[in-house]
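Worksheet: one structure, shown below.
The values are calculated or read from the model by the stated rules, or taken from the named source; none is laboratory data. Since we're looking at a predicted model, the values are computed, not measured. Positions of Cβ are backbone-derived with ideal geometry, glycine not excepted, and every protein chain shown enters the neighbour counts. For the accessible areas, the whole protein counts, side chains as well, though only heavy atoms, and no ligand, DNA or RNA atoms are used. Shrake-Rupley method; radii C 1.70, N 1.55, O 1.52, S 1.80 Å.
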Amino acid sequence: MSASQSPTVRRRRLGMELRKRRESAGMRIEDVARALECSMSRVSRIETGRSVARSRDVRDMLQLFGVTDQQECELLAAIAREAQQKGWWSTYEGVLPAGLDTYVGFEESAASLRSFQNSLVAGLLQTEEYARAAVLAARHTTDGEEVERLVQLRMRRQELLTRESPLELWVILDEALLRRPIGGPGVMRAQLIRLLEVAELPNVTIQVLPFARGGHAGLDGPFTIIAFPDPTDLDVVYVPGTVWNSFLEREKDVHRHTACFDHLRAEALPPDESAELIAEAADGYKSSSTPTV
């Protein structure tokens, strides 16, 4: 396992390895829960990487599954220890919405993200002012400290785009979000200029899906496909929700969203034409923010 992998990815890998060994042993989740005297949900959450498995849990499971290879046991125990570490984002856990901590952990170790957004600019591309306005609008909170911490988190995540081995980011934006003045005309114009600047990075591709396309493959809503540098860490699809964020890992779900993204990529304007449309929208906000006499 790569040293750059976050605890979130390690938990997921550990869960996958334990599930494979359970299935090889011909055991069901309820069998494991009964043997370990814990709930079925506890076993399920360990296998899906949603809960941290203690070293003792791993040792007991491997013994239950009949795994006797010492090297194999030591490797999985080491992964379990690494998975118990906390990522830098854990300092924000008091304000993180449900599931977003898992997303940030996946994002931290990702090799690439392919994302479709239809209402808000992707967090990795937001200006501080736009992020603040978006948080205030979405969370309906008057807690200024909570808002600022969420904005700080979003800004720190953006370091992924300029680190030594930068994240590959491909974002498709619905034209509708270019026309929605989050924070007002001035904030929105600065945000669109920011998009043009970030699009110059060699690891970032931005396309716009214009109104003229009519119906399109992304009508079900936004999603992000997360791919990891280690091919044994399979892609996962993140689907944000108003109340709960979902992570889809079944092969058919990942394949469906990958096909959807490919359709959207083909339907969207090429990057250069997208930049022209973004610049045009930015000029429109400049006009609308100019006082009339």
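Scoring S119 on the criteria (1) touching a Pro at 6+ places or on another chain (Cβ under 8 Å); (2) on the phi > 0 side of the Ramachandran plot leaves a single failure, condition (2).
Screening I206 on (1) modelled with pLDDT of 90 or more; (2) open to solvent by less than 40 Å² (accessible area, probe 1.4 Å); (3) out of contact with any strand residue (DSSP E or B) (no Cβ under 8 Å at 6 or more places or on another chain) shows it passes everything except condition (3). Y285 satisfies every condition listed in (1) outside any helix (DSSP H, G or I); (2) at pLDDT below 95; (3) in contact with a helix residue (DSSP H, G or I) (Cβ under 7 Å, 6 or more places away or on another chain) except (1). Residue count for the range 178-195, restricted to those that are open to solvent by 40 Å² or more (accessible area, probe 1.4 Å) and under 22 Å from the mean Cα position of the chain (by Cα): 1. Restricting attention to the range 229-242, the residues that are in a loop (DSSP other than H, G, I, E, B) and either on the phi > 0 side of the Ramachandran plot or open to solvent by 20 Å² or more (accessible area, probe 1.4 Å) (or both) total 9. The condition of being open to solvent by 50 Å² or more (accessible area, probe 1.4 Å) and under 24 Å from A259 (Cβ atoms) holds for only one of E145, E200, E168, E175, that being E168. Among the criteria (1) open to solvent by 50 Å² or more (accessible area, probe 1.4 Å); (2) part of a helix (DSSP H, G or I); (3) under 15 Å from E82 (Cβ atoms), the one R10 does not fulfil is (1). Would you say R81 is closer than 25 Å to G105 by Cα and not aliphatic (A, V, I, L, M)? Yes, satisfied.
Taken over the range 217-228, the criterion of being more than 24 Å from Q5 (Cα to Cα) and either open to solvent by 100 Å² or more (accessible area, probe 1.4 Å) or touching a strand residue (DSSP E or B) at 6+ places or on another chain (Cβ under 6 Å) (or both) is satisfied by G218, L219, D220, P222. Within the range 92-118, the set of residues being at pLDDT below 90 and not in a loop (DSSP other than H, G, I, E, B) comprises Y92, L100, D101, T102.
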